[in-house]
Amino acid sequence: MTASTWDLFLSSSRGRAGAVHPLIRAGLVLLAAGAATVAFAQPAASLEASRAPAATQAVTVVLAQSKVVKGPDGNEQFQDAATIKPGDVIEYKATYTNNTGKPVKGLVADLPIPEGLEYLPRSAKPGASLVKAATKTAVFEPEPLVRKLPGGKTEPVPYSEYRMLRWSLGQLPANGSLAVSARAKVETVAPPTAVPPTPATPPPRGK
């Protein structure tokens, strides 16, 4: 993603909600880095366009984040995610727009999940066969992930260990848009144990 597209998103976020919470900012920075793979998945002709200024980019990305809450009527509502606490649910959304008059093929969208966030099962949209997940190993498989144990047995991978989602979206129509989204819960992280300072070692005495 280019700096201009990223700056545009941050400007719109500040306009809606003020400063972006550090954990959310970390996720968005990673999302911006992951989104860059979309442009580079295009044919060579489009690749050159992706290196041009944002105004002439073949594909641009708009990033958004919201806190998901239940309203008085029990229905979901979206709120500003500038302030969050453990247990809050955050929805990340990236909208890709084809700014050309020709279809873009081989569209791949990556969504990193930073430490401190736990992916919510089956929350990736679009889902089904379009999305796969990975842990730190970066080996993408359909959800739910499983791992092998000694003796040939397998066990489910905890969702807290999911660190990346990848959508194989295929073709983005001319002048069209596609959006991907996923939700994650802010984990309850215990504060670090205080470590007493190491006493300073006195300098050796001179003779």
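Structure above, values below:
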| quantity | calculated |
| --- | --- |
| Matching residues, region 84-100, being under 21 Å from A124 (Cα atoms), in a strand (DSSP E or B) and not hydroxyl-bearing (S, T, Y) | V89, I90, E91, K93, A94 |
| Qualifying residue in region 116-128 (condition: part of a strand (DSSP E or B), within 18 Å of the chain's Cα centre (by Cα) and not charged (D, E, K, R)) | yes |
| Filter pass, E143 being in contact (Cβ under 8 Å) with a residue 12 or more places away in the chain, within 30 Å of K85 (Cβ to Cβ) and touching a Ser or Thr at 6+ places or on another chain (Cβ under 7 Å) | no |
| Selection from region 59-77 of residues that are among the aliphatic types (A, V, I, L, M) and closer than 30 Å to P173 by Cβ | V59, V61, V62, L63, A64, V68 |
| Which numbered condition F78 fails, given (1) surrounded by fewer than 15 Cβ atoms within 10 Å (Cβ to Cβ); (2) under 14 Å from the mean Cα position of the chain (by Cα) | (2) |
| Residues that are assigned to a strand (DSSP E or B) and surrounded by 10 or more Cβ atoms within 10 Å (Cβ to Cβ), drawn from region 131-153 | V131, K132, A133, A134, E141, V146, R147 |
| Failed condition for K125, given (1) loosely packed, with under 15 Cβ neighbours inside 10 Å; (2) of a type in the set (D, E, K, R); (3) in contact (Cβ under 8 Å) with a residue 24 or more places away in the chain | (1) |
| Check on A174, surrounded by 10 or more Cβ atoms within 10 Å (Cβ to Cβ), touching an Asp or Glu at 6+ places or on another chain (Cβ under 8 Å), modelled with pLDDT of 55 or more and not basic (K, R) | no |
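The values are calculated or read from the model by the stated rules, or taken from the named source; none is laboratory data. Predicted, not measured: the structure shown is a model, and the values here were computed from it. Here the Cβ is made from the backbone with ideal geometry for all residues, glycine too, and neighbour counts use every protein chain on show.
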